[in-house]
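Enquirer: Before I ask anything, let me first share the structure, which is written out below as structure tokens.
The values are calculated or read from the model by the stated rules, or taken from the named source; none is laboratory data. Predicted model only: the values in this text are computed from it and were never measured. Glycine gets a Cβ as well: all are built from the backbone with ideal geometry, and neighbour counts include every protein chain shown.
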Amino acid sequence: MSSQNSSDPQVLCSSEQLFLQPLWDHLRSWEALIQSPFFPVIFSITTYVAFCLPFVVLDILCSWVPALRRYKIHPDFSPSARQLLPCLGQTLYQHVMFVFPVTLLHWASRPALLPHEAPELLLLLHHIVFCLLLFDTEFFVWHLLHHKVPWLYRTFHKVHHQNPSSFALATQYMSVWELFSLGCFDMMNVTLLGCHPLTSLTFHVVNIWLSVEDHSGYNFPWSTHRLVPFGWYGGVVHHDLHHSHFNCNFAPYFTHWDKILGTLRTASVTAR
């Protein structure tokens, strides 16, 4: 009898939900904030700055701890305050002046209640993987077009290439059009897949982290591209080559589209 119960799909489903239910219940205690029009901007900026800050600290420490330079892709480069502050300032300005009005309109037109049940763990993981693959494809096409069409590059994407050697806070140093394009891809994918709010939040956290890591300039033994097998994931080395050469590695994360279209470039850059 117990063996039948353990194989019952309803029992398995509820156990997966129970795994995330305490976390979701805790988040729902902040429901008023989560449902407010301020939350997307606060969440995005806070998460982004929190992920950038450790790399900023590392760049500062490199002057006193030369051993850290062994993990830098460009050992002799450290961003100056004149590079860091404009990047941070532009991120804050664009979120307040452009992102917030859009989220306010969205909040006014589509108020929604948070579900009581947490998502199933496996469904959450599947949705995050699918969202990343969709985002990778969408950004690859967008990115390739903005490099191949000179007007698009000059008008919209050139801003992001102002810093040849990338660093964490340069991740969101981009035009408003690029910021909104990437934001639309994010929201479109979670809506298309019907993601649970917890899944959407988790995906946004993962996406922000991966984009910051890609621009960090640090190639650690635990960097994401070292943890994913078979070279499926490009990571920081992959994206740094794009900033250095412009004509390769257009996908932000994975390598399959660049391989298929012949725009993949690799380099033997390893942490010694």
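Enquirer: Taking S166 as meeting all but one of (1) at pLDDT 95 or above; (2) polar (S, T, N, Q); (3) under 25 Å from L58 (Cβ atoms); (4) in a loop (DSSP other than H, G, I, E, B), write down the number of the exception.
Expert: Of everything listed in (1) at pLDDT 95 or above; (2) polar (S, T, N, Q); (3) under 25 Å from L58 (Cβ atoms); (4) in a loop (DSSP other than H, G, I, E, B), S166 misses just condition (1).
Enquirer: Being in contact with a helix residue (DSSP H, G or I) (Cβ under 7 Å, 6 or more places away or on another chain) and closer than 30 Å to A118 by Cα is true for just one of V190, V176, V236. Which residue is that?
Expert: Details: V176 fails: closer than 30 Å to A118 by Cα; V236 fails: closer than 30 Å to A118 by Cα.
After applying the criteria, what remains is V190.
Enquirer: Let me ask another. So which pairs qualify, if the first residue must be in segment 236-264 and free of Cβ contacts under 8 Å to residues at least 40 places away in the same chain and over 14 Å from D136 (Cα atoms), the second must be part of a helix (DSSP H, G or I) and charged (D, E, K, R), the Cβ gap must be under 6 Å, and the two must be at least 6 apart or on different chains?
Expert: L264/D258
Enquirer: Please work out if T191 is out of contact with any Pro (no Cβ under 9 Å at 6 or more places or on another chain), under 19 Å from W142 (Cβ atoms) and buried (at least 17 other Cβ atoms within 10 Å of the Cβ).
Expert: No.
Enquirer: Okay, moving on. Checking the conditions here, which among V212, V176, V205 is surrounded by fewer than 21 Cβ atoms within 10 Å (Cβ to Cβ), β-branched (V, I, T) and within 14 Å of the chain's Cα centre (by Cα)?
Expert: V205 is the lone residue from the list that is surrounded by fewer than 21 Cβ atoms within 10 Å (Cβ to Cβ), β-branched (V, I, T) and within 14 Å of the chain's Cα centre (by Cα).
Enquirer: Considering only residues that are of a type in the set (A, V, I, L, M, F, W, C) and surrounded by 19 or more Cβ atoms within 10 Å (Cβ to Cβ), which ones fall in segment 102-137?
Expert: Filtering segment 102-137 for residues of a type in the set (A, V, I, L, M, F, W, C) gives 102, 104-105, 107-108, 112-114, 118, 121-125, 128-135.
Listed by number, the residues that qualify are A118, L124, I128, C131, L132, F135.
Enquirer: Same structure, new question: Every residue in segment 246-271 that is modelled with pLDDT of 95 or more and aliphatic (A, V, I, L, M), please.
Expert: Correct list: A251, I260, L261, L264.
Enquirer: Still on this structure, I have one more. When residues of segment 22-76 are filtered for being outside any loop (DSSP other than H, G, I, E, B) and either among the aliphatic types (A, V, I, L, M) or in contact with a strand residue (DSSP E or B) (Cβ under 7 Å, 6 or more places away or on another chain) (or both), how many remain? Walk me through it before giving the result.
Expert: Here is the first cut: in segment 22-76, the residues outside any loop (DSSP other than H, G, I, E, B) are 22-28, 31-34, 39-61, 66-72.
Within this subset, residues satisfying the condition of being either among the aliphatic types (A, V, I, L, M) or in contact with a strand residue (DSSP E or B) (Cβ under 7 Å, 6 or more places away or on another chain) (or both) are 23, 27, 32-34, 41-42, 45, 49-50, 53, 55-58, 60-61, 67-68, 71-72.
Result for segment 22-76: 21.
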